[in-house]
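To start, the structure itself, in structure tokens.
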Amino acid sequence: MTRHFLDVDDLDVDEIEAVLAEAENPAPPQVLARRGAALLFEKPSLRTRSSMEVAVAQLGGHPITIVGDEVGIDTRETAEDIARVLSRYHGIIGARVFEHSKLERLASASSVPVVNMLSDDAHPCQTLADLLTLRQQFGNLKGRVIAYVGDGNNVCTSLMVGATMQGMEVRVATPPGYAPPTDAVERAADRGEVVVTEDPFVAVRDADAVYTDVWASMGQEAEADRRRTEFAGFTVDDALMEGAGSDAVFLHCLPAHRGEEVSASVLEGPQSLVWQQAENRLHAQRGLLSWLLTEHE
């Protein structure tokens, strides 16, 4: 059976464990030897494109990056037709899209694994890198607390689910009207403790990790000025970090807007793990692709 990875809970707890263990394999199996990997990009990328292309190469494969109108999902060809063609050429298909439904349709027609490299609903590859980073810092994550401050976006929703699957308590602080979707909160709450608040100081109190993301994501540029006003007080700065645990770390999926969602002093400070976190995109995705392309009992 072909396994796809469209959100973090497409894997169970044991499977996430296996993926994260494989991420740290210094000699990864060449599961893509003599095979291609189709990487479709509707949205621009720095970390995703570089990390996925290198991950594919480290697994012995040849990445083919296809951007914008070169593929034209549902403009030149339907998502289903694209998947049927590409799965005859490639060992995996990765897609970075706006509408999550396009990923679901690609997966429905593909005979090879489809990987969500980001959609408006979810960013599960980022969550794998986040969990890998936290495990490298703390070891076992059960009982640890992670606080997410900012917009309840795709990064937040996947993080909530992935962190609770690891036994972490998740606290999310957003301005009114920007809380994560109810269904995502419920999915996470089914697995562990989740607190949603409008007070960032409540969220970070004695937390082990504090996480944030940009206030306006790709496709929301027209809202940026309004969001800067509505997110006032939600900057992760030194005063907010002081409320977290003394050994707390700071995470950010990048790109970062210094002086908006995070101060330069926190981003560049001793508690920041953002560059290690960015590097772990490569390792986590390599572990994921290796696991997806290995037969399991």
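Throughout, read-outs are computed from the coordinates displayed, never taken from laboratory work. No experiment lies behind these values; they were computed from the predicted model shown. Because the Cβ atoms are built from the backbone with ideal geometry, glycine has one as well, and the counts that use them run over all protein chains shown.
Would you check which residues across the stretch 275-286 are more than 20 Å from Gly36 (Cβ to Cβ) and in contact with a helix residue (DSSP H, G or I) (Cβ under 7 Å, 6 or more places away or on another chain) and list them?
Hits for the stretch 275-286 are Gln276, Gln277, Ala278, Asn280, Arg281, His283, Ala284.
Considering only the stretch 146-181, state which residues are over 16 Å from the mean Cα position of the chain (by Cα) and within 16 Å of Asp7 (Cα to Cα). Scanning the stretch 146-181 gives a single hit, Pro181.
Restricting attention to the stretch 88-108, the residues being surrounded by 15 or more Cβ atoms within 10 Å (Cβ to Cβ) and either acidic (Asp, Glu) or over 24 Å from the mean Cα position of the chain (by Cα) (or both) number 2.
In the stretch 201-297, counting only helices (runs of 4 or more DSSP H) that sit wholly within it, the ones holding 1 or more residues that are under 24 Å from Leu118 (Cα atoms) and touching a Cys at 6+ places or on another chain (Cβ under 7 Å) span 274-292. Glu169 passes every criterion in (1) of a type in the set (D, E, K, R); (2) over 30 Å from Ala55 (Cα atoms); (3) out of contact with any Gly (no Cβ under 9 Å at 6 or more places or on another chain) apart from (3).
Per-residue answers, yes or no, for (1) touching a residue at least 40 places away in the same chain (Cβ under 8 Å); (2) within 20 Å of Pro180 (Cβ to Cβ); (3) loosely packed, with under 15 Cβ neighbours inside 10 Å; (4) in contact with a Ser or Thr (Cβ under 7 Å, 6 or more places away or on another chain):
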{"residue": "Glu242", "(1), (2), (3), (4)": "no, no, yes, no"}
{"residue": "Ser246", "(1), (2), (3), (4)": "no, no, yes, no"}
{"residue": "Val249", "(1), (2), (3), (4)": "yes, no, no, no"}
{"residue": "Thr294", "(1), (2), (3), (4)": "yes, no, yes, no"}
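The set of residues in the stretch 32-44 being of a type in the set (A, V, I, L, M, F, W, C) and either surrounded by 13 or more Cβ atoms within 10 Å (Cβ to Cβ) or farther than 30 Å from Glu70 by Cα (or both) consists of Leu32, Ala37, Ala38, Leu39, Leu40, Phe41. Which ones in the stretch 1-31 are within 15 Å of Leu282 (Cα to Cα), more than 18 Å from the chain's Cα centre (by Cα) and crowded, with 16+ Cβ neighbours inside 10 Å? Residue satisfying the conditions is Pro28 alone.
Hey, can you tell me all the residues within the stretch 217-236 that are in contact (Cβ under 8 Å) with a residue 24 or more places away in the chain and surrounded by 14 or more Cβ atoms within 10 Å (Cβ to Cβ)?
Hits for the stretch 217-236 are Ser217, Met218, Arg227, Arg228, Glu230, Phe231, Phe234, Thr235, Val236.
Among the conditions (1) touching a His at 6+ places or on another chain (Cβ under 8 Å); (2) in a loop (DSSP other than H, G, I, E, B), Gly167 misses just one, which is (1).
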